[in-house]
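Visitor: Got a structure here, written out as structure tokens. Questions coming.
Every number in this text was worked out from the coordinates using simple rules, so none of it is lab data. Note that the structure is a prediction, hence the values are computed from the model and not measured. Using ideal geometry, Cβ is built from the backbone for each residue, glycine included, and neighbour counts are taken over all protein chains shown.
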Amino acid sequence: MADYKKIKVPAEGTKITYENGEIVVPNDPIIPFFPGDGTGPDLWKAAQTVFDGAVAKAYGGKKKFVWMEVAAGLTALQWYDKDTVLPQETLDAFVDFKVSIKGPLTTPVGGFEFVCLTCSKEQDTREKCIQCESEWVTPRFRSVNVGIRQKLDLYACVRPIRWIEGVPCPVKHPEKLDIIIFRENTEDVYAGIEFQEGTEEQKKVYEFLTKVMGKSFRADSGIGIKPISITGTKRLIRMAIKYAIDHKKPSVTMVHKGNIQKFTEGAFRDWGYEVARDEFADVIVSEADLWEKHEGKMPEGKILLKDRIADMTFQQLLLRPEEYSVMVMPNLNGDYLSDAAVAQVGGLGVAPGANIGNEVAVFEATHGTAPKYTGQDKVNPGSLILSGVMMLEHLGWQKAADLTLKALTKTIADKTVTYDLHRQMEGATKLKCSEFGEAIVKNMDAVREVATA
Ligand code: NAP
């Protein structure tokens, strides 16, 4: 275990370990967490109340979380020094303790040299924030979230997307969409291999591509590289197929643009079929085999492996959502498709996510810091709470996961909601962020009584 300087490792509680390819979860796991920037602290307070309440009610004191606060973003600047937004200690804790949960973090978009971590205002001065007068103004940095994913090799961004009854949404049958997206998290155009137009580096790459490789394109182009590897692809598709097997899902769909980008997106699809053939032949049936070997009738207990072109998939998720279940795709497709699918079931306030590697998993709200509501105890903690539901499932604490989901659903169905849902619902009662968390805990007793009646 790392030698922690600022992080206080709790005296009670036990570490989660990793043995024979599985995490081993004690009854009192130490879970690193950070609330995040902006509205993060409000969200975390409400969410922690729900997590502790669910575990206490589900297991009657036999299990409990032991929380261990770590720092990133604004908190890291306060704990460490004015330039450290992602401390090594935090990364060490994520690795040592295996399962963590985090709130949203400020990510500056660019253009200015400094950014305020309290309100996200970008600016030319470091003295104090020109908008909110906070002293927490720091040099511009690359996304801390991306840093965490890359440094810990959390190669899968996992996002279950389904409708929660009562959540206002733009389609007639939101209940038909029930998917889980596995998005590659480390490669593709997100690998950060880019050359700015007008620079020496860009000129060298341009000369190489035009003169040595014989390609033709405009000299005044910015250039980005899109690497997609066998290693990165196969481990992701393996994870998606294993998930489908463990959760008895009917199909896995690979989403790609292989018709245009043959050696990256097309290869992603081909390597996916290879994984299925080499490692899961006993359980996976490809669409080609479905017709050639099974006359179009899916054999009992098997999982169908399909592949679909990305643009068409956007249409299909709207028109025939019930045909999709587990979906797996390269980074950019996953970025777009997951947000579009989330909008279909009511938006980011209720969309959970996780970044998962071989040993380490970090669960997170999928929205940002909503900085204009900082300190107002106002925003919807649904996304963070549902990320906690994913975490409970990952730990194997299914009873607490089910209890949380049912109580959250009841709270929304009762029309007791935060401002974002309140403004879209007729006759609803508006709750603060903390009140929404408390209402969920209260509703746990009601949903338990129904379940045991
Ligand atoms: P944002 O923080 O997600 O907020 C945009 C709008 O979405 C809010 O103004 C609010 O809409 C709504 N919203 C977001 N979270 C909500 C919640 N919990 N409950 C209710 N409504 C919510 O996006 P942003 O303003 O573009 O980004 C702010 C900062 O967060 C940026 O620095 C960005 O880089 C960062 N960010 C971080 C993460 C992450 O850490 N995972 C992800 C995305 C963005 P209304 O104003 O209409 O009520």
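Visitor: If I ask for residues that are more than 16 Å from the ligand (Cβ to nearest atom) and in contact with a Gly (Cβ under 6 Å, 6 or more places away or on another chain), which ones from region 64-104 would you list?
Guide: Passing the criteria: only 66.
Results for (1) within 20 Å of the chain's Cα centre (by Cα); (2) surrounded by 14 or more Cβ atoms within 10 Å (Cβ to Cβ), shown as yes or no for each residue.
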site: 34; (1), (2): yes, yes
site: 47; (1), (2): yes, yes
site: 55; (1), (2): no, yes
site: 67; (1), (2): no, yes
site: 77; (1), (2): no, yes
site: 84; (1), (2): no, yes
site: 88; (1), (2): no, no
site: 96; (1), (2): no, yes
site: 99; (1), (2): yes, yes
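Visitor: Can you list the strands (runs of 3 or more DSSP E) lying wholly within region 7-71 that have 3 or more residues being in contact (Cβ under 8 Å) with a residue 40 or more places away in the chain and in contact with a strand residue (DSSP E or B) (Cβ under 7 Å, 6 or more places away or on another chain)? Let's see the steps before the verdict.
Guide: Numbers: elements: 17-19, 22-24, 30-34, 66-69.
Ranges flagged: 30-34, 66-69.
Visitor: Within region 410-427, is there a residue that is without any contact (Cβ under 8 Å) to a residue 24 or more places away in the chain and among the hydroxyl-bearing types (Ser, Thr, Tyr)? Give the steps one after another, and end with the answer.
Guide: Of region 410-427, the ones without any contact (Cβ under 8 Å) to a residue 24 or more places away in the chain are 416, 422-423, 426-427.
Right, trim to among the hydroxyl-bearing types (Ser, Thr, Tyr) and you get 416.
Yes, that holds for at least one residue.
Visitor: Residues that are away from the ligand (no atom under 16 Å from the Cβ): list the strands (runs of 3 or more DSSP E) wholly contained in region 298-411 that include at least 3 such residues. Give the steps one after another, and end with the answer.
Guide: On the way: elements: 303-309, 326-329, 352-356, 361-365.
Ranges flagged: 303-309, 326-329.
Visitor: Across region 412-428, which residue is farthest from residue 166 (Cα to Cα) among those that are within 10 Å of the ligand (Cβ to nearest atom) and hydroxyl-bearing (Ser, Thr, Tyr)?
Guide: Checking each candidate, the answer is 419.
Visitor: Mind listing just one residue for me: the one in region 256-270 that is assigned to a helix (DSSP H, G or I) and in contact (Cβ under 8 Å) with a residue 40 or more places away in the chain and, of those, nearest to residue 227 (Cα to Cα)?
Guide: Taking region 256-270 first, the residues assigned to a helix (DSSP H, G or I) are 262-270.
With in contact (Cβ under 8 Å) with a residue 40 or more places away in the chain added as a condition, the list becomes 264-265, 268.
Working: 264: 7, 265: 10, 268: 11 Å.
If we take residues in region 256-270 being assigned to a helix (DSSP H, G or I) and in contact (Cβ under 8 Å) with a residue 40 or more places away in the chain, then 264 is nearest to residue 227 (Cα to Cα).
Visitor: To continue, here is another question. Among the residues of region 121-143, is there at least one that is in contact with a Leu (Cβ under 7 Å, 6 or more places away or on another chain), in contact (Cβ under 8 Å) with a residue 60 or more places away in the chain, within 16 Å of the ligand (Cβ to nearest atom) and over 23 Å from residue 381 (Cα atoms)?
Guide: We begin by selecting, within region 121-143, every residue in contact with a Leu (Cβ under 7 Å, 6 or more places away or on another chain); these are 136, 138.
Still in the running and in contact (Cβ under 8 Å) with a residue 60 or more places away in the chain: 136, 138.
Next cut, within 16 Å of the ligand (Cβ to nearest atom) only: 136, 138.
Those still in the list that are over 23 Å from residue 381 (Cα atoms) too: 136, 138.
Yes: region 121-143 contains one or more residues that are in contact with a Leu (Cβ under 7 Å, 6 or more places away or on another chain), in contact (Cβ under 8 Å) with a residue 60 or more places away in the chain, within 16 Å of the ligand (Cβ to nearest atom) and over 23 Å from residue 381 (Cα atoms).
Visitor: If you scan region 185-209, which residues turn out to be assigned to a helix (DSSP H, G or I) and either touching a residue at least 12 places away in the same chain (Cβ under 8 Å) or not basic (Lys, Arg) (or both)? Lay out the reasoning, then the answer.
Guide: Keep residues of region 185-209 that are assigned to a helix (DSSP H, G or I), which gives 188-191, 200-209.
188, 189, 190, 191, 200, 201, 202, 205, 206, 207, 208, 209 - these are the residues of region 185-209 that are assigned to a helix (DSSP H, G or I) and either touching a residue at least 12 places away in the same chain (Cβ under 8 Å) or not basic (Lys, Arg) (or both).
Visitor: Something else now. Which of the residues that make up region 412-453 are more than 22 Å from residue 379 (Cα to Cα), among the aliphatic types (A, V, I, L, M) and assigned to a helix (DSSP H, G or I)?
Guide: The first filter runs over region 412-453 and keeps only residues more than 22 Å from residue 379 (Cα to Cα), leaving 445-453.
Add one more test, that the residue is among the aliphatic types (A, V, I, L, M), and what stays is 446-447, 450-451, 453.
446, 447, 450, 451 - these are the residues of region 412-453 that are more than 22 Å from residue 379 (Cα to Cα), among the aliphatic types (A, V, I, L, M) and assigned to a helix (DSSP H, G or I).
Visitor: Turning to a different aspect of this structure: How many of the residues in region 210-249 are assigned to a helix (DSSP H, G or I) and either within 18 Å of residue 281 (Cα to Cα) or in contact (Cβ under 8 Å) with a residue 40 or more places away in the chain (or both)?
Guide: Quick first cut of region 210-249, residues assigned to a helix (DSSP H, G or I) only: 210-212, 230-246.
So of that shortlist, the ones also either within 18 Å of residue 281 (Cα to Cα) or in contact (Cβ under 8 Å) with a residue 40 or more places away in the chain (or both) come out as 230, 232-246.
Residues in region 210-249 being assigned to a helix (DSSP H, G or I) and either within 18 Å of residue 281 (Cα to Cα) or in contact (Cβ under 8 Å) with a residue 40 or more places away in the chain (or both): 16 in total.
Visitor: Please indicate, with yes or no, whether at least one residue in region 167-179 is under 30 Å from residue 22 (Cβ atoms) and either of a type in the set (Asp, Glu) or crowded, with 20+ Cβ neighbours inside 10 Å (or both).
Guide: Quick first cut of region 167-179, residues under 30 Å from residue 22 (Cβ atoms) only: 178-179.
Checking which are either of a type in the set (Asp, Glu) or crowded, with 20+ Cβ neighbours inside 10 Å (or both) leaves us with 178-179.
Yes; the residues of region 167-179 include at least one that is under 30 Å from residue 22 (Cβ atoms) and either of a type in the set (Asp, Glu) or crowded, with 20+ Cβ neighbours inside 10 Å (or both).
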